[in-house]
Structures are given as C-alpha cells and as structure tokens.
Amino acid sequence: MIIDFHVHVSDREGCTEELLKAMDENGIDMAVIFDCGNNETAFNMQKAHPDRFIPFGYIRWGADDPSGIDELVDQGAKGLKVIRPTMNYNDPRLFPYYAKAEQHGLPTLMHTGIVARGKPDVPSYDDTSRMQAIWLDGPCRMFPRLNIIVAHMGNPAHEDAGMMARWHPNFYYDLSGSSLLHRSHQFFRELFWWDKETRFSRRNPWRPFEKMVFATDEPYEQMHEPMAEQRALLEALDQPQEIIDKVFGGTAAKLLKLEES
Ligand SMILES: [Zn+2]
C-alpha cells in the first residue's frame, strides 16, 4: 500500500476529485490530508472516502488552547499537523500540546525549516527560526511515546535532522519540498553513513530510511515529480525493496495504526 504523508486540501470546488484522480494516476492508495485554515475540509473528505483519506487536524500552537486537540480527536483527527507556532518548538510553554498529542496517540507532522511567505506585502509574525528541527530534540526526549514526523527534514538543516533520526526512536521525517532538488544523492550517502552495521547499531537498530515516509506536498498535477525523486534517491543509495516498501507505505501504516492489507 502506498501512502502519501503530506497533502494539503482546501474546500474549493473539485479539490476531492482532483486529488483522487492524481492519487489514482500515481498509484497512491491513501493520503494524509489537512487544511490548516478549516479542519472541516479534511474531516468531510475522510467521511466521503474513508478508504483513501486520513485526516490530520490543526490548531496554532502557542495561540490556540491545547484543549483544541481533544476537540480535533472527537471530530475524527487521526494525527496533527503543526506549523507556524508562536514560539520555538522546544519552548516549555508548548509542552501541553505535545502532552495532548502523546496522550491521544496522535502521530504529529511538524513543519521544519524555511516557511513559505505567501503575501510578502502583509506583515506577519511567522518566523522560520521557531521551526528548526533541532528544537525537536528536547520534545522527542520529553515525550517518548509521541511519534514526531518532521516535514522537509529541517530544510536546509538536513544534518541536524539526519542525526536526530539516528538518535531518537520517535523521530521520523519526510523529504517533501525542495530539499531533494538542491541536495545530491551523494549528500544523503554521506549524511546517512550509519546505513550499515556500526558499533552503535545495537542501541539504535533502525536504518536511516526506515525513518522516512514518502510525501509529496506539491500541487496534485505535480505529485509524480517528488514521487520519482524520492524513489530515485532510494535506488541510488542501493536501498533494498523491503526498505523502499517501508518508505512508500509500511512505516506510515505503522505510525497511523492502519491494518496491513
Ligand atoms: Zn506542506
């Protein structure tokens, strides 16, 4: 089963049909979906197509009350999307949000690195520096039963995120976005030097790409591009089919507690 772990949706007319068409064309069975402006969108899409969509919920960490996470669960959220917090990801004032996510067993997809600037003329309190992957080192330790999936692998701080994938059993990543376009396969070969037996393997027995989930985060008509890039990276780095299958769905199914079919 192929699962895309990072798909934005909206309530505009035709969104569901266009996404399903793109998924069918690319052989994608299921997608993690979220609309950070209107949670209802994803919940309604899941109700109409429960076999295709997995809805994640969004509240703004640091601004909205953490109890909003309880409400999202009641409405059907299977995970959380986090972006644009009002403070650094490791600020203890955000710990109540992590605690709620952990308590509900919600896989939490967290934006890291460079954040888009959609309306350059409008003043905004957004700040890339609050969403650095390294700020998740503390939360990974503090909330050991919470699975954090780092979107964009810290772009451009891939080194930090790569090392954290090695040390934290509950740290996962996706390589959506422009990461792969400006990093060579050789870069990942060096970053993931620990993709072999080392004297630390007994303590951290997982391999680098067992922590990666396939994700597109692109307009639907371009989904095939990140899909091809991510597959090409895995093949260039000589990953066995078993690992490729994990990246394209096995690891996501485990994180989402889906029945294997
Ligand atoms: Zn995104």
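May I ask you to evaluate 6.51 cos²θ - 1.76 cosθ + 1.60, the Karplus curve with θ = phi - 60°, for each residue of region 177-182 and list the ³J(HN,Hα) values in order in whole Hz, giving x for glycine and proline?
x, 8, 3, 6, 6, 10
What does the C-alpha gyration tensor say about the overall shape of region 123-253? Classify as rounded when a/c is under 1.5, otherwise prolate if a/b is larger than b/c, or oblate. Spell out each step's value before the answer.
Details: a/c = 1.55, a/b = 1.04, b/c = 1.50.
Verdict is oblate for region 123-253.
Can you give me the span-like helices of the chain, meaning DSSP H runs with 27 Å or more of Cα extent along the axis and Kyte-Doolittle mean at or above 0.5?
Values: long enough: none.
Helices passing the filter in the chain: none found.
In region 202-239, whose amide N lies under 15 Å from the spot 7 Å out along Cα-to-Cβ of Ser178? List them in ranges.
The answer is 218-219, whose backbone nitrogens lie closer than 15 Å to the label point.
If you find the alpha carbon centre of region 116-141 and of region 1-35, how far apart are they in angstrom?
25 Å
Quick check: from the Cα gyration tensor, does the chain come out rounded (a/c under 1.5), prolate or oblate?
Rounded shape, in that the Cα axes give a/c under 1.5.
How much length is gained if the chain between Met87 and Glu242 is pulled fully straight, taking 0.36 nm per residue apart and subtracting their Cα-Cα distance, in nm to one decimal?
Length gained, Met87 through Glu242: 51.9 nm.
For Ala228 and Ala157 in one chain, what is 0.36 nm times their gap in residues minus the Cα-Cα distance, to one decimal in nm?
Working: separation 71, 0.36 × 71 = 25.56 nm, distance 2.28 nm.
Full-extension gain reported as 23.3 nm.
Which of the chymotrypsin sites (Phe, Trp or Tyr not before Pro) found in region 171-213 are loop residues per DSSP with 16 or fewer other Cβ atoms within 10 Å of their Cβ?
Qualifying residues, ordered by number: Trp193, Phe200, Trp206.
Within region 1-100, list the GluC sites (Glu not before Pro) lying in a DSSP loop whose Cβ has at most 15 other Cβ atoms in a 10 Å radius. Walk me through the numbers before you get to the answer.
On the way: sites: Glu13, Glu17, Glu18, Glu25, Glu40, Glu71; in loops: Glu13.
Loop-located and lightly packed - Glu13.
With a/c under 1.5 counting as rounded, go ahead and sort region 45-112 into rounded, prolate or oblate using the C-alpha gyration tensor (a ≥ b ≥ c being the square roots of the eigenvalues; past the cut-off, prolate if a/b is larger than b/c, else oblate). The partial results should precede the final answer.
Details: a/c = 2.30, a/b = 1.89, b/c = 1.21.
Since a/c reaches 1.5 and a/b is larger than b/c, the shape of region 45-112 is classed as prolate.
Using a basic spin-label model with each label point 7 Å from the Cα along Cα→Cβ, how many nm lie between Arg145 and Thr128?
3.7 nm
For region 105-167, which trypsin sites (Lys or Arg not before Pro) pass both filters: DSSP loop (anything but H, G, I, E, B) and at most 13 other C-beta atoms within 10 Å?
Answer in residue order: Arg117, Arg145.
If I take R0 = 51 Å and measure r between the Cβ atoms of Arg199 and Asp70 in this structure, what FRET efficiency does the formula 1/(1 + (r/R0)^6) give, to the nearest 0.05?
For R0 = 51 Å, the calculated efficiency reads 0.70.
Values in this text are rule-based calculations from the coordinates and carry no lab data. All of these numbers come straight from a predicted model, not from anything done at the bench. Note that we place each Cβ from the backbone using ideal geometry, even for glycine, and neighbour counts take in every protein chain shown.
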